[in-house]
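Contents: one structure, followed by commentary.
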There are 2 protein chains.
Amino acid sequence: MPRVSTDQLAARRQQILTGARTCFADHGYEGATVRRLEEYTGLSRGAIFHYFRDKEALFLALAEQDATRMADVVAEQGLVQVMRDLLRGGSDRSWLGTRLEVSRRLRTDPEFRARWQEHSGALTAATRARLERQAAAGALRDDVPVPVLAQYLELVLEGLVSHLAMGLPADDLGPVLDLVENAVRAPLMR
Amino acid sequence: MPRVSTDQLAARRQQILTGARTCFADHGYEGATVRRLEEYTGLSRGAIFHYFRDKEALFLALAEQDATRMADVVAEQGLVQVMRDLLRGGSDRSWLGTRLEVSRRLRTDPEFRARWQEHSGALTAATRARLERQAAAGALRDDVPVPVLAQYLELVLEGLVSHLAMGLPADDLGPVLDLVENAVRAPLMR
């Protein structure tokens, strides 16, 4: 009989992720030292690195969690809704900035980039799947291939993440997102 | 009679900026130490900081140089052309990444953010001015206010900068930029 149940393991793993997310948000990737990760998670380094091989693995697990959460929204409501949620919820902005801080690493370390893309792939897949469904239903413009529409939406999302992470004013971006949404839709009248 | 002519001063200033740009690109903002800045510019720290108060001032001067250069392209050909130039020219990508690395600082240090926005204001001004001219000529869609179109284009530019800085594949983004350009234009037929 195992000493710790699967539920307990999952709860402990989530406790680590939640603490680490706030730690990255407050101190950035470099600033999230092992000592600080211990403080934020309330666990020893031994416990933390029992669940995650290293800081990089922890960071990528958080990226994956984001991607999965966003993918759920995408499946139901589309990528523009993910952007609207980002605009509304101010709390995630500092965490999102951590993604920008690792951009140099992503660019210069192909292995890290491959792992990152693997962990964030759920969002890309969900975006394409939804667009394919919408295209089949005649809800999308038909003069631009679906992969281009998907890349377009992803590029705007990257811009929004960057914008928010820099703390630039974003209260008035609602009409911009309307425009983005409109640009992929089928015209109302032909 | 001055020991050094104005031309010589300007040339020296440019020598510092050119070296510093490569230094930031190679080592990032934090990694651009005074010693490395000396190496890359071929000048002593005394000479460098005679022209620029500190590393921050050097960084902001480079941001201003970018903004001015991009503003020139915007005035003639628009912000989407700036994006197409970014796609073509691979060399600037590592420098652009430095902008992302300071995102935490931009978000958490209002004074730095204000200085940054001041230094990058030329691009915003040029973008709005060009869009106003195009609107007056009937070349833009008229159902969305010009400031929204300007914010839209700037958001996409931010996404592209982020995308390139992360070293993500960008060879196939041409059609995405066509879509962006199309989204602000007046429809061909009414």
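Counted as qualifying within region B:36-100 are the helices (runs of 4 or more DSSP H) with 2 or more residues that are among the acidic types (Asp, Glu) and touching an Asp or Glu at 6+ places or on another chain (Cβ under 9 Å), namely B:55-77. Only one entry in A:Ala122, A:Ala114 is modelled with pLDDT under 95, in the same structural domain as A:Glu76 (by the TED database) and under 15 Å from the mean Cα position of the chain (by Cα), namely A:Ala122.
When the residues of region B:152-183 are filtered to those that are acidic (Asp, Glu), assigned to a helix (DSSP H, G or I) and farther than 20 Å from A:Val161 by Cβ, the one that is most open to solvent (accessible area, probe 1.4 Å) is B:Asp178. Could you tell me how many of the residues in region A:28-44 are touching a residue at least 12 places away in the same chain (Cβ under 8 Å) and either buried (at least 16 other Cβ atoms within 10 Å of the Cβ) or within 14 Å of another protein chain (Cβ to nearest Cβ) (or both)? Counting residues in region A:28-44 that are touching a residue at least 12 places away in the same chain (Cβ under 8 Å) and either buried (at least 16 other Cβ atoms within 10 Å of the Cβ) or within 14 Å of another protein chain (Cβ to nearest Cβ) (or both) gives 9. Inspection of region B:119-135 identifies no residue that is in contact (Cβ under 8 Å) with a residue 40 or more places away in the chain, assigned to a loop (DSSP other than H, G, I, E, B) and at the interface with chain A (Cβ under 10 Å from one of its Cβ atoms). No other residue among A:Ala47, A:Ala57, A:Ala25 is open to solvent by less than 60 Å² (accessible area, probe 1.4 Å), closer than 16 Å to A:Leu100 by Cα and not acidic (Asp, Glu) apart from A:Ala25. Return yes or no: is A:Ser103 without any contact (Cβ under 8 Å) to a residue 40 or more places away in the chain, facing chain B (nearest Cβ under 7 Å), crowded, with 18+ Cβ neighbours inside 10 Å and among the polar types (S, T, N, Q)? Considered against the rule, which asks whether it is without any contact (Cβ under 8 Å) to a residue 40 or more places away in the chain, facing chain B (nearest Cβ under 7 Å), crowded, with 18+ Cβ neighbours inside 10 Å and among the polar types (S, T, N, Q), A:Ser103 comes out as yes. State yes or no: is A:Val176 out of contact with any Cys (no Cβ under 6 Å at 6 or more places or on another chain), more than 7 Å from every other protein chain (Cβ to nearest Cβ) and not polar (S, T, N, Q)? So A:Val176 does not fit the description; no.
Of all the residues in region A:136-153, those that are within 9 Å of chain B (Cβ to nearest Cβ) and within 20 Å of the chain's Cα centre (by Cα) number 4. When you look at B:Phe52, is it surrounded by 15 or more Cβ atoms within 10 Å (Cβ to Cβ) and modelled with pLDDT of 95 or more, yes or no? Criteria met by B:Phe52. Name the residues in region B:136-151 that are open to solvent by 20 Å² or more (accessible area, probe 1.4 Å), in a helix (DSSP H, G or I) and among the β-branched types (Val, Ile, Thr), would you? Selection gives B:Val146 alone. Residues that are more than 9 Å from chain A (Cβ to nearest Cβ) and in contact (Cβ under 8 Å) with a residue 40 or more places away in the chain: does region B:154-167 have at least one? No, because not a single residue in region B:154-167 is more than 9 Å from chain A (Cβ to nearest Cβ) and in contact (Cβ under 8 Å) with a residue 40 or more places away in the chain.
The values are calculated or read from the model by the stated rules, or taken from the named source; none is laboratory data. What you see is a predicted model; the values in this text were computed from it and never measured. With ideal geometry, Cβ positions are generated from the backbone for all residues, glycine too; neighbour counts draw on all protein chains shown. When the accessible area is computed, the model is the full protein with side chains, heavy atoms only, and any ligands, DNA or RNA have been set aside. Shrake-Rupley method; radii C 1.70, N 1.55, O 1.52, S 1.80 Å.
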